[in-house]
Amino acid sequence: MALENQQTNTKVDNETQTAKRWRLGYHIMAPSGWINDPNGLIQYKGNYHVFFQHYPYGVEWGPMHWGHVASHDLVHWKYYPIALVPGDTYDRDGCFSGSAVEDEGELCLIYTGHRYLDKEKSLADQVQCLAVSRDGIQFTKDSNNPVIASYPEEGSGDFRDPKVWRHNDFWYLIAGTTKNHIGKVVLYRSSDLRTWTYLGGIAQSEGNQGYMWECPDFFELKSPQGIEPEDDCYQNLHQTGYFVGHFDDECFDFSHGSFNELDKGHDFYAVQTFQDDQGRRIAFAWMDMWESLMPEQEEGWAGALTLPRELTLAADGKIRMTPVEELKKLRKNKLLSVENEYISGEKTYHELTDELLEIEVEFDTTLVEAFDFGINLRVGETEETVIRYDLKEEKLILDRTKSGTGVGGVRQTALPKSERLRLHIYLDRSSVEVFANDGETVMTSRIYPTEKNEGVRLFSNEGDVRMTRLNVWRLENIG
Ligand code: FRU
């Protein structure tokens, strides 16, 4: 995120809040005002807690607060009072991103205190802070704040987004920083969350991997900013990805393989993960991108989080991301279940005009004559969001050039042909999340359709394709 130019706060106009055609049906989103990164993900006393970067007084980024929702099932979320408000000397200009841990029954938030050093707001000094709660709702900032008062020698004033975890007898903390345009991650250790010892850097950009690493996580290091696009990769302004490697907890050395993008859509950033009591590693990300248009601002809100996704490591050394099992609870009724239909040209399902849909579609890719095939969502007179598989190039493509107001652009990613192409799609009023071949590739994008919804269309070009099954559910509107 660039610090400059982000503080022109447009006051939320109550009248504009009335027409809300893009308000999401089943995602965590700004109650009103602005949200960005998910923060402090944790399961505490049985409930799932999600905090988020929040500016409640306008639809653009401003002095950051921590908003708060919680849920017993990762599906139904309740909004709680704002957990952290900026304004103390150490977090005067914002309570930036961070994480949560449980310590002796207390829910502890470790976050970045942000202060500008100049009038132009281009120079920042960032420190790490602690706030605790006994009930998981009311938080008290610690009297020792800031608990890390200055950045390490290999870093700079851009020093933020602490992720804390417990390993054996100690707490460990990593944070992102930068020096001479090299993004890096630094490591600290503590026995009480209040006094921290610096252990050194554990990973850094090899020059072409970003000038600032934001929101690092402890088992995967991600969110570098400013990687140059290379073919189909790194097309977003800021990238989110991971390294798989080995961490030596005696000499604090992390040896790792190459950087992989985690989601290939337009809108996925600042992902954070946590482990729940079933041992699952669950991720949420901000379902937007810095500096992209957010047409929902005219409705008095801006920003949403992705659905919760379970991460697993596959045999090929890559991470698979799939929607958590609990999301099946969103299914209200099955709208369609068909098998074995040949698609030749186009077939529109006019019964699928609901705005909130879960779609499972599978195609046989063994005997296809077609050049490409796929599915169009939110089909209108001139609008549609296209998800297409190019058989020759073996690429999955998400094309939102006709997805409605304010958005555009195509994202494509290599997806090697196997016997079947399975697409598991969650469609909400202004978002689409596509999980291909059980999470081998995931694409997440915001869309802003304006036209009357005429349904869902399957298509194939220059030949037939056999659709082996299509299951569609109407989803609950709980937003
Ligand atoms: C990532 C980020 C973080 C920072 C927060 C500020 O999107 O820039 O590095 O803590 O947003 O809102």
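The values are calculated or read from the model by the stated rules, or taken from the named source; none is laboratory data. The structure displayed is predicted, hence computed values, not measured ones. For neighbour counting, all protein chains shown are included, and Cβ atoms are generated from backbone atoms with ideal geometry for every residue, glycine included. Surface areas here come from the heavy atoms of the whole protein model, side chains and all, with no ligands, DNA or RNA. Shrake-Rupley method; radii C 1.70, N 1.55, O 1.52, S 1.80 Å.
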| field | Accessible surface of the range 333-475 [probe 1.4 Å, protein heavy atoms]: carbon and sulfur percent | value | 41
| Efficiency by 1/(1 + (r/R0)^6): what FRET value for Asp192 and Asn461, r their Cβ-Cβ distance, R0 = 56 Å, to the nearest 0.05? | 0.35
| field | Taking N as its residue count, the alpha carbon Rg of the range 252-323 over 2.2 N^0.38 Å | value | 1.36
| Pair-distance profile P(r), taking every C-alpha pair of the range 65-118, with 10 angstrom steps and integer % | 22, 42, 28, 7, 1
| message | Counting C-alpha atoms alone, how compact is the range 363-479: give Rg to one decimal and Dmax as a whole number, in angstrom. | response | 13.9, 42
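How much FRET efficiency would the formula 1/(1 + (r/R0)^6) give for Asp73 and Glu369, where r is the Cβ-Cβ distance and R0 is 35 Å, rounded to 0.05?
Working: r = 45 Å, r/R0 = 1.28.
It comes to 0.20.
My understanding is that a pair violates if its Cα-Cα distance is over 30 Å; which of Lys264/Lys328; Lys329/Lys417; Lys78/Lys334; Lys318/Lys402 do that in this structure? Show your work: numbers first, answer last.
Numbers: Lys264/Lys328 24 Å; Lys329/Lys417 32 Å; Lys78/Lys334 26 Å; Lys318/Lys402 32 Å.
Table pairs above 30 Å Cα-Cα are Lys329/Lys417; Lys318/Lys402.
Round to the nearest 0.05 the FRET efficiency obtained for Thr450 and Tyr80 when R0 = 30 Å and r is the Cβ-Cβ distance.
Working: r = 34 Å, r/R0 = 1.12.
So, using R0 = 30 Å, E works out to roughly 0.35.
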| message | If I stretch the segment between Phe170 and Glu60 completely, what's the gain in nm (0.36 nm per residue apart, minus their alpha carbon distance), one decimal? | response | 35.7 nm
| request: With a bin width of 10 angstrom, please list the P(r) values of the chain as percents of all Cα-Cα pairs, from the 0 bin to the one holding the largest distance. | output: 4, 20, 31, 26, 13, 5, 1
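Give the carbon-plus-sulfur fraction of the accessible surface of the range 1-323 in %, rounded to a whole number; probe 1.4 Å, heavy atoms of protein chains only.
47
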| What dipole magnitude, in Debye to the nearest 20, does the range 1-323 give about its Cα centre under +1 on Lys/Arg Cβ and -1 on Asp/Glu Cβ? | 680
| note | Heavy-atom accessible area per residue of the range 1-323, all protein chains kept, 1.4 Å probe, expressed in Å², is 39
| task | Tell me, rounded to the nearest percent, the portion of alpha carbon pairs in the range 323-426 spaced more than 24 Å apart. | result | 29
| Compactness index (Cα Rg / 2.2 N^0.38 Å), the range 72-161 | 1.20
| note | Taking 0.36 nm per residue of separation between Asp103 and His246 and subtracting their Cα-Cα distance, the length gained on full extension comes to 48.8 nm
| What accessible area per residue, rounded to a whole number of Å², is obtained for the range 366-420 using a probe radius of 1.4 Å? | 45
